[in-house]
1. How high is the relative contact order of chain A, given as a whole-number percent (alpha carbon pairs under 8 Å, six or more residues apart)?
2. Give the separation of the Cα centroids, segment A:149-204 to segment A:121-147, in Å.
3. Could you work out how far apart the two model spin labels at B:V191 and B:L23 are, taking each label as a point 7 Å from the Cα in the direction of the beta carbon, and quote it in nm?
4. So how strong a dipole does segment B:148-295 carry about its Cα centre when Lys and Arg Cβ are +1 and Asp and Glu Cβ are -1, to the nearest 20 debye?
5. Evaluate peptide A:104-116: per residue, the Cβ atoms of other protein chains within 10 Å of its Cβ; return the mean as an integer.
6. Counting helices only, and only those DSSP H runs with n ≥ 4, report the 222 nm mean residue ellipticity of the protein assembly as shown as the sum of -39,500 (n - 2.57) divided by its residues, in deg cm²/dmol to the nearest 500.
7. Compare the Cα positions of B:L50, B:A262, B:M196 along the charge dipole of the protein assembly as shown (+1 at Cβ of Lys, Arg; -1 at Cβ of Asp, Glu; about the Cα centre) and return the one farthest towards the positive end.
8. Under 5 Å between amide hydrogens, which residues at least 5 positions from A:D226 or on another chain qualify, with H placed 1.01 Å from N in the peptide plane?
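Quick note: the coordinates plus some simple rules give every number you see, no bench work behind them. Keep in mind the model is a prediction, meaning the values are calculated, not measured. Glycine gets a Cβ as well: all are built from the backbone with ideal geometry, and neighbour counts include every protein chain shown.
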Amino acid sequence: MSTPPLIVLEGITKHYRMGSEIVEALRGVDLTIRRGEYVAIMGPSGSGKSTLMNIIGCLDTPTSGRYMLEGTDVSSLGDAALAAIRNRKIGFVFQTFNLLPRATALKNVELPLIYAGAPPQERRQRAIAALESVGLGDRLRHKPPELSGGQRQRVAIARALVTGPSIILADEPTGNLDSKTGMEIMALFHRIWQEGNTIVLVTHEEDIARHAHRIIRIRDGRVESDMPNPTPIVGAPLLV
Amino acid sequence: MRRMLSQYADIFQSAVESLRAHLLRSTLTSIGVMIGVAFVSLMGWALRSLDAAWERTLSTLGSDMLYVDKWDWSGQGNWRTMMNRKNITLDQAEEIARRLRVAEMTYFSADAWGQTITTADRRASGIVIEGTMARFGMLPSTQLAEGRFFSELEERTAAAVAVIGEGVRTTLFGNRSPVGQTIRIKGRPFVIIGVMPKRGTLFSDFLDRTVYIPLPAFFGIYGRYSRSITVAAKARSPEELDVLRDELTGVVRAVRKLPPQAANDFAINEAEVFRQQVANIRIVIWAVGIGLTALSFLVGVIGITNVMFVAVIERTKEIGIRRAVGARQSTILLQFLLEATMLCVAGALVGVIVSGAIVLVVTAVARDSADFLLPVLPPEIVVVAVAVSIAVGILAGFIPALRAARLDPVEALRYEA
Ligand SMILES: Nc1ncnc2c1ncn2[C@@H]1O[C@H](COP(=O)(O)OP(=O)(O)OP(=O)(O)O)[C@@H](O)[C@H]1O
Ligand SMILES: [Mg+2]
């Protein structure tokens with residue numbers, strides 16, 4: 001008996017009502033992602049990449065279709081169960097970092113552990129370890145405004161990793177960074193993937209997508225192509 | 001359990017942080033609650049003071065005592081009518097006492113108001129001289145702070161001895177002991193043999209400005225017929241008061257020779273007559289207090305609700321972030337509820353401090369004129385005030401907190417201020 005795939009999407013649609021109009025952001029997406037994959041989702045602006053990401057991350061629910069996460073049908077779960085899934089199985093990384101501006105790097109990384117109910121001592125140790133693993137062991141007390149863009153994104157990555165999730169979801173993680181910093185972040189993702197994590201990355205830059213081992217192209221809310229990338233590039237080693 | 005605790009600790013901490021981040025705004029918003037709590041506390045304090053005054057009145061006058069007097073003490077009767085009543089004479093008083101069957105004991109007294117008394121170097125005016133009997137001194141409710149009451153022998157021999165009220169002592173002697181000193185009433189010397197403890201209350205503050213002398217000595221100064229006599233009758237138990245009142249009414253009417261259809265030309269006074277006065281004052285305090293309190297809490301609730309709505313909008317992104325990393329709707333709800341509640345509790349604590357200060361100042365300033373006021377805020381009032389403020393916080397914070405909890409996390413994350 002093999003373990004079920006990490007993510008199975010069947011006929012996922014998402015409609016938004018805009019006044020009298022209905023926007024079909026997703027029009028029937030079927031997708032399977034296995035543990036340990038490194039997937040890039042590409043597509044033009046407005047094609048539904050973020051919508052798909054949010055559904056995979058249990059931040060949003062599909063209008064129709066079935067979503068199995070580690071063999072569990074997520075569509076039927078309530079708020080508390082979904083919150084627990086986001087907390088333990090999902091690690092989000094956003095284009096705009098989305099850190100709490102008044103909290104220190106350490107506090108930001110501790111946040112998921114607070115909702116996981118970890119005791120303060122353990123919380124702190126694990127957050128420090130996560131920050132050290134992204135090369136920010138000397139920036140624990142800094143607040144986001146006191147950090148560079150790349151450093152902020154690394155805090156966000158530490159926060160995504162800290163609960164030991166099944167999957168890292170990154171929506172344009174390099175979108176707000178210069179290309180050099182972007183490459184550093186991609187090198188970090190590569191290492192995280194090497195350590196056994198599953199990564200799903202949304203981007204519209206070919207250079208970024210080529211880091212992944214599988215590239216899924218979306219257009220108008222449908223999967224246009226889904227192909228392995230036989231020659232993934234390995235990002236420059238992390239400059240700490 | 002531990003898991004919950006660590007979450008609550010964090011929720012608490014983040015509430016404190018966000019209130020601190022907007023200190024001025026938080027302070028201004030909680031003023032309504034602050035004033036509301038101050039009103040509640042002061043109202044409670046006034047009511048408690050009133051109750052204490054009532055208790056003391058009851059114990060000074062005695063719940064088993066009736067006082068037959070030309071005057072109605074409750075202040076309700078028509079002044080002119082009472083003025084025109086014939087005095088109750090000593091003969092009538094003695095006749096009344098002789099005929100009573102159910103009274104345990106009786107004594108007589110007569111008062112001269114607005115008197116001036118002197119010592120060698122000081123004078124006190126506005127004094128009540130009360131001629132009374134040794135039996136008054138033997139009542140359980142007649143306690144002395146110092147010295148003793150006069151005896152039957154001293155009474156019968158019209159001895160020139162006096163027992164003075166607490167207020168008289170402070171006016172004439174300050175902190176010195178007055179026992180053995182001499183005061184002059186209408187020029188006649190009286191030796192002080194005893195001092196009463198504080199007895200006056202809201203309704204009977206004159207008690208502390210009273211000097212008690214033997215009734216025959218009183219007659220010696222003011223004459224036998226110039227003043228109306230008060231007949232005090234003690235029931236064997238408070239339960240027998242009604243029986244005694246009935247008998248007393250009949251006996252006094254007979255002694256005063258009233259025809260059957262005539263109205264009473266006397267009043268039978270008792271501690272109870274002040275109950276209605278207490279009730280009236282209570283109603284006024286309640287009406288004013290509740291009105292002002294409700295108004296300030298209403299202002300407080302509106303202000304806090306408003307500020308919480310603003311806070312929810314300001315922190316939309318934060319809410320999105322928290323939801324993305326695993327916060328439940330209920331956690332968000334709790335966070336904002338707690339914030340609103342803390343605003344209120346902070347306001348309440350300041351309100352309690354302010355009203356406590358007001359109490360101190362008022363009791364210090366009005367020590368002589370309103371000494372029935374309790375010197376401190378009763379602690380249970382403080383508890384009630386804080387409890388009320390928590391309720392107000394939950395009330396004011398609920399709708400904004402619900403809105404925060406129900407935000408769509410995707411939209412919240414996309415929100416840019
Ligand atoms: N809350 C919403 N209400 C209405 N329409 C929405 C909403 N969110 C997304 N859409 C629409 O759904 C479609 C897909 O949006 P989505 O954000 O998934 O695109 P995207 O592929 O992430 O684009 P980009 O590359 O610009 O980020 C778009 O047409 C968008 O306008
Ligand atoms: Mg997008």
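1. Working: 489 pairs, mean separation 63.9, N = 240.
27 percent.
2. Between the Cα centres of segment A:149-204 and segment A:121-147 lies a distance of 16 Å.
3. The two pseudo-label positions are separated by 7.0 nm.
4. With only Lys, Arg, Asp and Glu charged at Cβ, the dipole is about 640 debye.
5. Mean shielding by partner chains, rounded to a whole number: 4.
6. Rounded to the nearest 500, the figure is -15500 deg cm²/dmol.
7. B:M196
8. A:R217
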